[in-house]
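**Student:** My questions all concern the structure below.
The values are calculated or read from the model by the stated rules, or taken from the named source; none is laboratory data. This structure is a prediction, so every number in the text was calculated from the model and none was measured. Here the Cβ positions follow ideal geometry from the backbone for every residue, glycine too, while neighbour counts run over all protein chains shown. Areas reflect the complete protein model, heavy atoms only, side chains present, ligands, DNA and RNA absent. Shrake-Rupley method; radii C 1.70, N 1.55, O 1.52, S 1.80 Å.
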Amino acid sequence: MKRRSIALMVIFTFITFGIYAFVWTVMFQAELKRTTGDGAGVGLHILLMLFTFGIYALYWHYAASVRLIKAGARDVSPLANLLLAIFTFTFIPMLLKQMSANHIAN
């Protein structure tokens, strides 16, 4: 998993009006698939994100957390990520997943 700065993620997300969050999700899914072997490929991931109007994104936050645990992350809760994705527009779960991935990358 690639190590990313949480502060830069916040800045890029606000500067690009959320476009970076979508790009991050696609990149993170590709890295997670490479690491664990589970989940949709990048093309299918993009299509599902676009054509389900965000419903797949909620499922993805839960499933990605489960896969992070499989990869060795300790401080990630799939249920908490799902609830935060519902109530914070996926911004907080995105940061939590990256922090967990940064610990795996060490």
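**Student:** In this structure, does Thr16 turn out to be polar (S, T, N, Q), on the phi < 0 side of the Ramachandran plot, surrounded by 13 or more Cβ atoms within 10 Å (Cβ to Cβ) and more than 10 Å from the chain's Cα centre (by Cα)?
**Tutor:** Numbers: polar (S, T, N, Q): yes; on the phi < 0 side of the Ramachandran plot: yes; surrounded by 13 or more Cβ atoms within 10 Å (Cβ to Cβ): no; more than 10 Å from the chain's Cα centre (by Cα): yes.
So Thr16 does not fit the description; no.
So that you can scan it fast, the table gives a plain yes or no per residue for (1) touching a strand residue (DSSP E or B) at 6+ places or on another chain (Cβ under 7 Å); (2) within 17 Å of Phe22 (Cα to Cα); (3) small (Gly, Ala, Ser); (4) open to solvent by 50 Å² or more (accessible area, probe 1.4 Å):
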{"position": "Val42", "(1), (2), (3), (4)": "no, yes, no, yes"}
{"position": "His45", "(1), (2), (3), (4)": "no, yes, no, no"}
{"position": "Leu48", "(1), (2), (3), (4)": "no, yes, no, yes"}
{"position": "Tyr59", "(1), (2), (3), (4)": "no, yes, no, yes"}
{"position": "Ala64", "(1), (2), (3), (4)": "no, yes, yes, no"}
{"position": "Leu68", "(1), (2), (3), (4)": "no, no, no, no"}
{"position": "Ala71", "(1), (2), (3), (4)": "no, no, yes, no"}
{"position": "Leu96", "(1), (2), (3), (4)": "no, yes, no, yes"}
{"position": "His103", "(1), (2), (3), (4)": "no, no, no, yes"}
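**Student:** Here's another thing I want to ask about it. If we only count helices (runs of 4 or more DSSP H) wholly inside segment 21-106, which ones have 3 or more residues that are without any contact (Cβ under 8 Å) to a residue 40 or more places away in the chain, within 25 Å of Ala7 (Cα to Cα) and touching a Leu at 6+ places or on another chain (Cβ under 7 Å)? Full working, then the answer.
**Tutor:** Details: elements: 42-51, 55-71, 78-87, 91-105.
The helices (runs of 4 or more DSSP H) meeting that bar are 55-71, 78-87, 91-105.
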